[in-house]
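Just below is one structure, and these are the notes that go with it.
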Amino acid sequence: MAATTTGDASASSAPQELRDNDYFFAPSVPAKRTGLPRWLLAHCNFRDLAALFKCSIAIWICTLLIVIDPTLSAIGQATFFSPIALLILPPSGALLPGLLGGATIVVGCCVGWAWGTITMKAALATRPAADLQRRLAQLQQAASAQTTNVGQASGQTQFAQIAIFDGFMLDARVSVTPTALWYCWKFVNTMRQARLRIWKPKLALVSIFAIIISDIYLTIAPLIPAFIGTIPEVLLKPTGIAIGVGAACNVLLFPRSASGLVLDELLGIVDVIGDFLTAFELSLRHPDACFLRDQLRQSQTKLVQHYKRAEAQMGFLKLDATFGKLCPEDVQSMWRLLLPVMFATSSMMAGSIAHADRRGLSDGFREFLKEPANPKSEVREDDTASQSGGHNQTHHSGAGEKVQAMSQQMTSTKLTESNLELTAACKGAINALRSFLRAQTGQGGASVDGAEGLLPTKHVLDRLRESLANTAVMTAEPPAENGKDNPSEHGTQFASIVPWLERSMHDMVVQARMRALAKALEPWLTSVLPLEQSRKRRKLWLPGQRPSRKKSVEKANGAPSEDSHGSDLRGGNPAQDEKREHVQAIFDQLTMTQATGGRKRSTAGLLLTRFISWLTGTEGAFALRTLVCTVAFGVIAVLPNSAGFFYKEKGLWGLIMSQTGLAVYSGDFVYAVLARVTGTVFGGVVGMAAWYIGAAGGPGNPYGIAAITAPIILVLVSLRLFLPAEYSQAVIMAGATFFLVVGYSWSDTHVPSYGNPGVGYAVFWRRTLLVLTGFGVAALVTVLPRPPSANRHYRRVISDQLIKIENIYALFVLQSKRVVTGANEAVEKTAIAIAITLMEAQAKIPTTKLEYSQSNIDTETLQSLTERALDLNRSLATFVLYNSRMRQGIKERVTHCYWGCGRALGL
């Protein structure tokens, strides 16, 4: 998969410019030995280092609250939860998204708090007052006879308080009704929150924290004889402090806005496109060079990741306040023009991957055509008579072959030169956009590769338009026939034109894709030109503030024409909105048509079917498994004989681990267990080392603990921010265990209380044991009665995306009958959405190797099916876009020729 061959000899014989490009040769030895991994070196820039410093300072400040005795006494033993909350939701982005993320945690805590308070009030109201007074009298009598733990700083100085947590007030004869009522209401809340976690993944923090607060009520409130509505404040206080510290660091330390984050992601997309165009230009100059498939796949993945991160910030632009040259409305207008550029670039990358796959097949086909058509032993009788004019025929045939070769060479040269000119123009446009975006993000506008980025944007735009005007799709004519059609020479003649025909067809396809990219870049560069000329100074843009005289400036400098590619993406035009609604109505109608049919049921049967589907569907099954885990631990917490054991051994940790450790599918669950157990062990070992180093064998020194935790926090935050998302579970568990070991060790030596797990190794051992216990219960409820299969889920995902691809094909058929307004925009958006969904599934498909499945479709087959679906989506969407530019008569002919494609899709 290298330039000419795959061996070391090919690398040594290839040009230096190819060997230096990662798209053709993987770097064998790093240029500099720095001792740092490549994923960390990629983040050695000011933007990422500023985010690392900001998050580390915020978490370290919350860690200092643990070792300050007044704050520890005011907040409580769960002060260590404050840095854990910031590790779950680090303040690395803009202020508004950070506040919204913190608000989701607060909302979850408040939902669990409200539900628990109401349930506790209702359950205590059902308990007989006479029985309550009798148990209180017995408790008072026992407390007067014996007291323990006198002098504890936590306030638990009475034997009565310890007896309450040991379950003294629980009486199986009379407390069954309130306990049953309590658990019924709590189970309803648990199922509702578990369903919410799967139904709306963006609200997962709301669900998780609501369940955690409910668990506190579930395991502690039944032990208490009186109503106390402030039980969960032990977690609410550190959570609120963490959100406040994160917001303060977001404002005071390297503040960022949502507009700035979107511009950063746009710059990342432009950088990926620019690097690819550089490699693509090299492939045109060196036809024997072959792209590395893995590098192209990584570039496609990077494009999707940048797009998703930018899309996540787009919803905050209307409420965003930013300081810069561009206002949020300008950023939004640039974002609308990005979609065609991404689609054209993805099409070029996919075409390069397909061309690399076809090289081996083409070489084999060419060798097959070089074989003689007739064996030498078969000689015709009239061959001797035909040799009389052989000399003249050979002379004319040789002259014709020379003319044919010259014609082929001229055609190929013109196509290659045309493609190189268009590639250079597109590369210049990308460099101009890169320079503009770097100037807006404060990274310098002249630090781009090559001299094209230093040219004025107007000159680059003119050159791009000139290249589009000069570039015409050329048709390759087959060589003229010379002499009579000799069957023995037919294979040799056809074999001689196969390389030229293949190269010409490839060049024409490349030219069509380059023209699509150039047409997509033209309106984007045109929209940048007036911004570059009119935005000279930085200023504060408040939410809703618009630049003055914007329309006049755009009119003076030239705005994109209505008939240009992507003109319907600018938005703000009622006519364009009607077009979008028209195409969306077509897609909705197709979806409804596909969903119709099936057996007709009565009202009762329909209600019963929907209830069973609600209960046993993906969300329902996950909620039932969460409920079983809650019952398994919750019953132990309220039995009189086991309540004290559950409280002293911190059984609440096991309950939380069993609930949060569950996954929708068994493959994801196995991976999550492995990652979280690894993170727990790593965090526990680091926590023990930090405690014993900082405490030095004593009760702990605040300066020592503060000093030793600083570098550890820096490492944890680096892993949390810069590692891929699939490792975040392990990092969060490592950080949680680290802070838990340090926090409980400090609390046990400074504010001891009943039920503390100890210090150092004792905390680590109990934490690890409860984590394994919780995951063991979760494993049982996952496996029984039938493990949920991720293999089956991803097959359904591929099937659903194929249905959407059918809709694209239906739109193609509809275009052959009449003109569909706004079709290009709808196809591009649908194709990008399908590609994102399939690529997300493709990244998670390897987890199916960790599960037991009886399907005959294994992991490799699923990966292959996903790649084929991606290729089909890209090819069909590209074909529909090309078809929209054809005349109506040609559309009908093309539709008739490709009718079999729709039959293959089942349309």
Of everything in region 651-662, what is surrounded by fewer than 20 Cβ atoms within 10 Å (Cβ to Cβ) and in a loop (DSSP other than H, G, I, E, B)? Give them in sequence order. none
From Thr773, Thr782, grab the single residue that is closer than 30 Å to Phe682 by Cβ, at pLDDT below 90 and either assigned to a helix (DSSP H, G or I) or under 23 Å from the mean Cα position of the chain (by Cα) (or both). Thr782
Given the conditions (1) surrounded by 21 or more Cβ atoms within 10 Å (Cβ to Cβ); (2) among the polar types (S, T, N, Q); (3) farther than 30 Å from Arg625 by Cβ, report the number of the one that Thr848 does not fulfil. (3)
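Could you say which residue among Leu263, Leu253 is modelled with pLDDT under 90, open to solvent by less than 40 Å² (accessible area, probe 1.4 Å) and out of contact with any Gly (no Cβ under 6 Å at 6 or more places or on another chain)?
Checking each option against the conditions leaves just Leu263.
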Between Tyr692, Tyr727, which is in contact with a Leu (Cβ under 9 Å, 6 or more places away or on another chain) and open to solvent by 10 Å² or more (accessible area, probe 1.4 Å)? Tyr727
Residues in region 742-755: is at least one under 21 Å from Ile61 (Cα atoms), in a helix (DSSP H, G or I), open to solvent by less than 10 Å² (accessible area, probe 1.4 Å) and touching a Cys at 6+ places or on another chain (Cβ under 9 Å)? no
Pairs returned, first residue in region 79-101 that is hydrophobic (A, V, I, L, M, F, W, C), second residue that is open to solvent by less than 30 Å² (accessible area, probe 1.4 Å) and in a loop (DSSP other than H, G, I, E, B), beta-carbon separation under 9 angstrom, 6 or more apart or interchain, are Ala94/Ser257; Ala94/Asp320; Leu95/Ser257; Leu96/Ser257; Leu96/Asp320
Cβ-Cβ under 7 Å, sequence separation 6+ or interchain: first residue in region 246-258 and closer than 17 Å to Asp320 by Cα, partner open to solvent by 10 Å² or more (accessible area, probe 1.4 Å) and among the basic types (Lys, Arg). Which pairs? none
Ala85 crowded, with 17+ Cβ neighbours inside 10 Å, at pLDDT 90 or above, small (Gly, Ala, Ser) and under 27 Å from the mean Cα position of the chain (by Cα): yes
Here are the criteria: (1) over 23 Å from Cys55 (Cα atoms); (2) polar (S, T, N, Q); (3) surrounded by 24 or more Cβ atoms within 10 Å (Cβ to Cβ). Tell me which single one Thr737 does not satisfy. (1)
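Specify the residue that is modelled with the highest pLDDT; the eligible residues are those in region 26-43 that are touching a Ser or Thr at 6+ places or on another chain (Cβ under 9 Å) and among the hydrophobic types (A, V, I, L, M, F, W, C).
For region 26-43, the residue satisfying everything is Leu41.
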Selection from region 206-235 of residues assigned to a helix (DSSP H, G or I) and open to solvent by 40 Å² or more (accessible area, probe 1.4 Å) yields Ile208, Glu233, Val234
Within region 319-342, does at least one residue satisfy the condition of being open to solvent by less than 20 Å² (accessible area, probe 1.4 Å), under 29 Å from Leu18 (Cβ atoms) and assigned to a helix (DSSP H, G or I)? yes
Count, please, the residues in region 316-350 that happen to be out of contact with any strand residue (DSSP E or B) (no Cβ under 9 Å at 6 or more places or on another chain), closer than 20 Å to Ile430 by Cα and of a type outside the set (D, E, K, R). 18
Say whether the condition of being at pLDDT 85 or above and under 26 Å from Phe622 (Cβ atoms) is met by at least one residue in region 748-767. yes
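The values are calculated or read from the model by the stated rules, or taken from the named source; none is laboratory data. The structure presented is a predicted model; accordingly, all values stated were derived computationally and were not measured. When we count neighbours, we look across all protein chains shown, and the Cβ atoms used for this are built from the backbone with ideal geometry, even at glycine. To get the accessible areas, we keep the full protein, side chains included, count just its heavy atoms, and leave off ligands, DNA and RNA. Shrake-Rupley method; radii C 1.70, N 1.55, O 1.52, S 1.80 Å.
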